[in-house]
Amino acid sequence: QMRWFLVSLSLSTVLASNETFPYADENYFADSSEGPRILKHSHFSQKFRLGFKLLLICEAEGEPRPSIVWYKNGAEITPVRNVHIRERHISSSTIHSVLDIDPTTLADKAIYGCLASNSKGFHLKSMRSDYSF
């Protein structure tokens, strides 16, 4: 199961509600064809080994070029000692982002969201991670 995400572009935040939204891994809204679209992303279900690296990718395009924000269980991710976010501008309209967690812990089992947004709309892709030994 996955939590339903409500996106508020005016506040640039994503909040998780208590309602479930089964089988959906994306939400999209745009008021024109220039709205952001996530082109490449990690598979919906990710497995990682405890103590090793978890990499999640997200690449989006739009006009203007979108920004990407990562979420974990509905809360915006802030880089810390073992959590890094790298971004690369591929072109004037495309951005590539990587969420790198190394080393992983039990707390990294979660639903991650990649939110691409610009002034024309947003596109959210979700990925579920689980650990193995």
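In segment 94-133, how many residues are aliphatic (A, V, I, L, M), surrounded by 16 or more Cβ atoms within 10 Å (Cβ to Cβ) and farther than 13 Å from Gly62 by Cβ?
Residues in segment 94-133 being aliphatic (A, V, I, L, M), surrounded by 16 or more Cβ atoms within 10 Å (Cβ to Cβ) and farther than 13 Å from Gly62 by Cβ: 7 in total.
State all residues of segment 29-53 that are touching a Phe, Trp or Tyr at 6+ places or on another chain (Cβ under 9 Å) and either at pLDDT 90 or above or open to solvent by 80 Å² or more (accessible area, probe 1.4 Å) (or both); if no residue qualifies, say none.
Phe29, Gly35, Pro36, Arg37, Ile38, Ser42, Gln46, Lys47, Phe48, Arg49, Leu50
The values are calculated or read from the model by the stated rules, or taken from the named source; none is laboratory data. Owing to the predicted nature of the structure, the values given are computational and were not obtained by experimental measurement. Cβ: placed from backbone, ideal geometry, glycine included. Neighbour counts: every protein chain shown. SASA here: full protein model, heavy atoms, side chains in, ligands and nucleic acids out. Shrake-Rupley method; radii C 1.70, N 1.55, O 1.52, S 1.80 Å.
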